[in-house]
Amino acid sequence: MTDDRAPDGERQDGAAESPHASEAAGGRAARRPRSTDPHELGFTPRKPVPWLAPFLLISTGIRTLLAMLFGAYLDKRELQNAFGDGIFRQVGPDGGLWLDYVADLGDGFNATYSVAYLLAQRELEVDGHRLPRAQTLVMGGDQVYPSAAFEAYEDRCKGPYQAALPVTPPERPTLFAVPGNHDWYDGLTAFLRLFVRSRDRHFGGWDTGQSRSYFAVELPADWWLLGLDDQSGSYLDDPQLTYFDKVAARLGPQSRVILTVPAPTWVKAVDHPTAYDSIDYFVRTIVAPTGAQVRLLISGDLHHYARYAGPDRQLITCGGGGAYLYPTHKLPERIEVPPRDTLARRASASRPYDLAGRYPDAARSRRYSWGIFPRLPLRNPGFTTLLGTLHTLLMLAMAGVVSNRTGTEQRLFSVPLVAMLLVTLVGAGFFAKPPSSGGKRHARHWILGVGHGLAHVGLAAAGTWAWLALPLYDWPWPLPAVAAAVVYGPVSGLVASQLVAAYLLVAGAFGVNVNELFAGQGIEDAKAFLRLRIDPDGTLTIYPIAVDRVARDWQVNPDQSPESSWLVPKRPLRPRLAEPPVILS
């Protein structure tokens with residue numbers, strides 16, 4: 001495989017070096033781990049992110065709000081004009097190329113490493129197809145969760161991929177990455193340090209190939225891979241557009257383009273008509289004037305596999321690299337791209353696209369929805385504790401008003417009932433549509449939010465009636481408060497978590513809190529990635545690979561060869577095709 005890393009085709013020697021030389025040059029550990037202990041691995045395998053944990057909800061909301069308010073001040077894309085502006089080339093030894101795409105990967109170890117392990121194997125046999133390890137790997141955004149801290153990258157992304165492919169194999173696979181919104185939470189600092197470097201250009205056994213947070217790669221048979229950085233839906237910056245102007249000078253009517261972007265704005269434009277504007281502007285002003293065709297758009301961000309087929313283009317979402325599953329049963333069966341109601345004064349002609357494939361299928365996705373009842377308290381104990389605390393305070397406030405026997409100490413301890421009612425109703429309203437989320441607040445958000453809040457008030461009233469019927473409330477103060485914290489709090493928290501689960505299930509049916517319905521479950525299974533093959537004659541075949549169940553038990557690999565993965569699953573992973581291969585010519 002050749003890899004042009006210098007600007008405009010000034011080629012470096014693509015000769016392979018030995019694994020031991022790679023280890024020495026890249027500074028990577030030559031000693032293989034003897035156990036799964038973090039001190040042996042060099043990183044700490046993490047559990048899935050508990051997305052409904054109170055502090056995480058608050059911190060994520062703050063980060064999102066800061067990104068909205070100060071994103072322009074943190075935007076480092078203008079500064080990248082000082083970086084290299086190379087146009088790269090990837091071609092396999094037979095004149096074709098194998099290419100992998102994975103996105104939304106830096107979450108819990110079991111899911112993230114299961115996918116990384118499959119990507120790193122020399123060959124996969126999937127439904128009768130023998131698919132060799134790809135020579136190019138593209139990471140499509142959100143390489144880490146929940147924030148872009150260096151430690152999170154090490155434990156949730158780089159460490160698992162290092163363990164999957166410890167050293168660079170002779171074919172020297174190359175990695176390219178685009179940043180997602182979570183990569184942008186620190187202004188792209190950690191992303192640039194990991195993927196855009198002038199030295200130690202390794203990410204596990206993959207060489208890092210790019211010189212900016214966006215890239216252009218020439219592929220066999222005049223296919224091109226273009227990776228965009230739109231900074232969470234903002235305008236494309238001038239240095240990036242200038243870079244792609246240079247790329248466009250090498251495109252022609254015979255060129256075919258694969259465009260990888262951080263989010264599937266073609267789907268999000270159904271609710272937010274302006275979401276697709278940046279991509280449409282890029283295609284209309286950079287690619288279209290050359291006569292080249294964008295045959296394939298790929299993104300992550302939504303954690304499932306979905307393919308929309310149009311007259312001459314495929315739109316694929318494949319965000320199954322490790323993060324919690326996102327449902328597929330709410331996907332629209334047909335979309336128009338660009339949407340007809342976009343506010344852009346100039347836009348490409350709208351074309352229909354039909355939902356041609358999805359994973360998991362709609363029926364399985366619906367069944368996953370019902371798992372919210374057991375998984376919500378199990379995966380989010382902090383959220384359940386928060387609910388128990390709020391309901392305990394609400395009960396004490398109601399009990400004080402109803403019994404009319406509140407002493408001075410209890411009045412000082414209890415929060416006024418009006419305040420607690422206001423907190424409950426406002427909190428439920430914001431939960432239905434947080435201020436930091438995009439899009440308009442519709443009537444269904446108000447109705448469901450207020451209804452959810454009133455349901456909690458009703459639950460608190462029933463809890464107060466039950467509590468007053470117990471002799472615990474008649475104990476001398478402060479024993480009732482202690483008993484409430486020890487007895488009432490845990491019980492009310494568990495019951496309230498089931499009320500929230502019921503709300504999420506109902507709200508999800510109306511398209512509200514769909515993300516929370518699945519984020520609260522943290523489903524590790526049903527993962528997916530793409531393996532693409534470009535033949536020397538220009539035929540592109542897309543193999544969407546699904547993993548119904550990720551591995552949960554790992555052991556040290558008995559194969560001690562340098563390239564072999566450090567850990568192997570105790571039960572073999574069984575990848576399969578999410579749908580038959582998709583062929584473009």
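The values are calculated or read from the model by the stated rules, or taken from the named source; none is laboratory data. Note that the coordinates shown come from a computational prediction; the quantities given were computed from them, not determined experimentally. Cβ sites come from the backbone with ideal geometry, for glycine too, and all protein chains shown count toward neighbours. When the accessible area is computed, the model is the full protein with side chains, heavy atoms only, and any ligands, DNA or RNA have been set aside. Shrake-Rupley method; radii C 1.70, N 1.55, O 1.52, S 1.80 Å.
Figure legend. Inter-residue proximity from segment 265-281: first residues at positive phi, second residues of a type in the set (A, V, I, L, M) and surrounded by 19 or more Cβ atoms within 10 Å (Cβ to Cβ), beta-carbon distance below 7 Å, spacing 6+ or different chains. No pairs are indicated. In segment 157-183, the qualifying residues are those that are open to solvent by 10 Å² or more (accessible area, probe 1.4 Å) and out of contact with any Phe, Trp or Tyr (no Cβ under 8 Å at 6 or more places or on another chain), and the one that is farthest from Tyr101 (Cα to Cα) is Pro170.
Does segment 170-188 contain at least one residue that is in a loop (DSSP other than H, G, I, E, B), of a type outside the set (A, V, I, L, M, F, W, C), under 30 Å from Ser561 (Cα atoms) and within 17 Å of the chain's Cα centre (by Cα)? Taking every residue of segment 170-188 in turn, none turns out to be in a loop (DSSP other than H, G, I, E, B), of a type outside the set (A, V, I, L, M, F, W, C), under 30 Å from Ser561 (Cα atoms) and within 17 Å of the chain's Cα centre (by Cα). When Asp341 is tested against (1) open to solvent by 30 Å² or more (accessible area, probe 1.4 Å); (2) out of contact with any Phe, Trp or Tyr (no Cβ under 9 Å at 6 or more places or on another chain); (3) not in a loop (DSSP other than H, G, I, E, B), just one condition goes unmet, and that condition is (3).
Counting only helices (runs of 4 or more DSSP H) that fall entirely inside segment 415-506 and contain at least 1 residues that are touching a helix residue (DSSP H, G or I) at 6+ places or on another chain (Cβ under 9 Å) and modelled with pLDDT under 85, the qualifying elements are 417-432, 479-483. Might you check whether a residue that is within 23 Å of Phe373 (Cα to Cα), open to solvent by 40 Å² or more (accessible area, probe 1.4 Å) and free of Cβ contacts under 8 Å to residues at least 60 places away in the same chain occurs anywhere in segment 509-527? Yes; the residues of segment 509-527 include at least one that is within 23 Å of Phe373 (Cα to Cα), open to solvent by 40 Å² or more (accessible area, probe 1.4 Å) and free of Cβ contacts under 8 Å to residues at least 60 places away in the same chain. Restricting segment 293-308 to residues that are open to solvent by 10 Å² or more (accessible area, probe 1.4 Å) and touching a strand residue (DSSP E or B) at 6+ places or on another chain (Cβ under 7 Å) leaves a set whose member that is nearest to Pro264 (Cα to Cα) is Leu302. Being under 28 Å from the mean Cα position of the chain (by Cα), surrounded by 14 or more Cβ atoms within 10 Å (Cβ to Cβ) and not β-branched (Val, Ile, Thr) holds for only one residue in Ser492, Ser497, and it is Ser497. Going through (1) modelled with pLDDT of 90 or more; (2) on the phi > 0 side of the Ramachandran plot; (3) charged (D, E, K, R) one by one, Asp142 falls short only on (1). Arg358 meets each of the listed conditions (1) open to solvent by less than 30 Å² (accessible area, probe 1.4 Å); (2) touching a strand residue (DSSP E or B) at 6+ places or on another chain (Cβ under 6 Å) apart from (1). Can you spot a residue in segment 467-474 that is open to solvent by less than 10 Å² (accessible area, probe 1.4 Å) and touching a residue at least 60 places away in the same chain (Cβ under 8 Å)? Looking through segment 467-474, at least one residue is open to solvent by less than 10 Å² (accessible area, probe 1.4 Å) and touching a residue at least 60 places away in the same chain (Cβ under 8 Å). Look at segment 123-152: where a residue is open to solvent by 30 Å² or more (accessible area, probe 1.4 Å) and a partner is aliphatic (A, V, I, L, M) and outside any loop (DSSP other than H, G, I, E, B), sitting 6+ places away or on another chain with Cβ atoms under 6 Å, you get Asp127/Leu577; Phe150/Ala190.
One residue stands out in segment 210-236 among those that are modelled with pLDDT under 80 and on the phi < 0 side of the Ramachandran plot: the one that is least open to solvent (accessible area, probe 1.4 Å), namely Ser234.
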